[in-house]
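Written below as structure tokens is the structure these notes are about.
The values are calculated or read from the model by the stated rules, or taken from the named source; none is laboratory data. Nothing here was measured: the structure is a model prediction, and the numbers come from that model. Using ideal geometry, Cβ is built from the backbone for each residue, glycine included, and neighbour counts are taken over all protein chains shown.
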Amino acid sequence: MKKILGVFIFALVLMVGLGGCSGGTTGEAYHQDKHGNDHEHEHAHGEFEWIGEFEFKAGKYLFHFGASEDETMDVGFIKMGANITDLDHHAAHLMETEKEFIKQESTFEAKPDYAYTLEMNEDHGHIYFEIKEDGTYAIVTEHMPHESNMQIFDENENEILPLREHEGEVNSH
């Protein structure tokens with residue numbers, strides 16, 4: 001009996017450890033008990049309000065911001081591909097990672113699957129980013145773009161508009 005109980009506990013620990021994250025964007029995940037019944041449980045995800053998918057060529061781009069009440073805004077970059085099967089869930093995990101702080105008027109390399117904390121300004125702001133490889137990128141933002149009048153421009157001062165937009169999780173700020 002003790003041996004069976006030990007094996008059961010070991011199997012339970014192994015299932016919990018290897019179960020991973022299978023939930024949706026709200027932090028809900030499901031697992032099945034030994035009878036095949038689904039049970040819901042919560043796990044942490046980073047918050048975001050918006051995702052815009054953009055087609056970028058390798059080059060330098062400008063985040064232009066209008067007045068902002070926020071001192072900072074978290075932004076993440078995801079290079080789209082076959083490996084992204086649930087964009088919202090991927091974005092939620094990205095936004096909970098440690099972020100590099102980017103000051104106004106500076107330039108940073110927008111690496112795929114990295115998130116950044118951008119310094120905002122009460123009047124307006126400019127932050128430049130570089131894309132190293134052509135492709136479709138999802139830009140994930142902590143706040144809705146209209147909250148800071150966010151725009152993206154290429155090196156020729158042409159505004160770059162998203163191919164697709166998604167609203168994300170509500171951020172209580």
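For (1) of a type in the set (D, E, K, R); (2) at pLDDT 95 or above; (3) over 13 Å from the mean Cα position of the chain (by Cα), each residue gets a yes or a no:
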residue	(1), (2), (3)
E100	yes, yes, yes
Y116	no, yes, no
Y128	no, yes, yes
T136	no, yes, yes
V140	no, yes, no
Residue pairs meeting the criteria (Cβ under 7 Å; at least 6 apart or on separate chains; first among the basic types (K, R), in the range 115-133; second at pLDDT 95 or above): K132/A58; K132/E109
Residues of the range 75-126 satisfying the condition of being assigned to a loop (DSSP other than H, G, I, E, B) and small (G, A, S): G81, A82, S106, A110
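Give the residues of the range 93-109 that are free of Cβ contacts under 8 Å to residues at least 40 places away in the same chain and at negative phi, sorted by residue number.
Here is the first cut: in the range 93-109, the residues free of Cβ contacts under 8 Å to residues at least 40 places away in the same chain are 98-106, 108-109.
Residues satisfying the conditions are E98, K99, E100, F101, I102, K103, Q104, S106, F108, E109.
Among the residues of the range 72-79, are any at positive phi and at pLDDT 95 or above?
Of all residues in the range 72-79, those at positive phi come to none.
There is no residue in the range 72-79 that is at positive phi and at pLDDT 95 or above.
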Which listed residue, of H146, H126, H64, H90, is surrounded by 20 or more Cβ atoms within 10 Å (Cβ to Cβ) and either out of contact with any helix residue (DSSP H, G or I) (no Cβ under 9 Å at 6 or more places or on another chain) or of a type in the set (A, V, I, L, M, F, W, C) (or both): H90
Number of the condition not met by H43 [criteria: (1) crowded, with 16+ Cβ neighbours inside 10 Å; (2) at pLDDT below 90]: (1)
The range 151-173: number of residues that are modelled with pLDDT under 80 and either assigned by TED's automatic domain parsing to the domain that holds L62 or polar (S, T, N, Q) (or both): 2
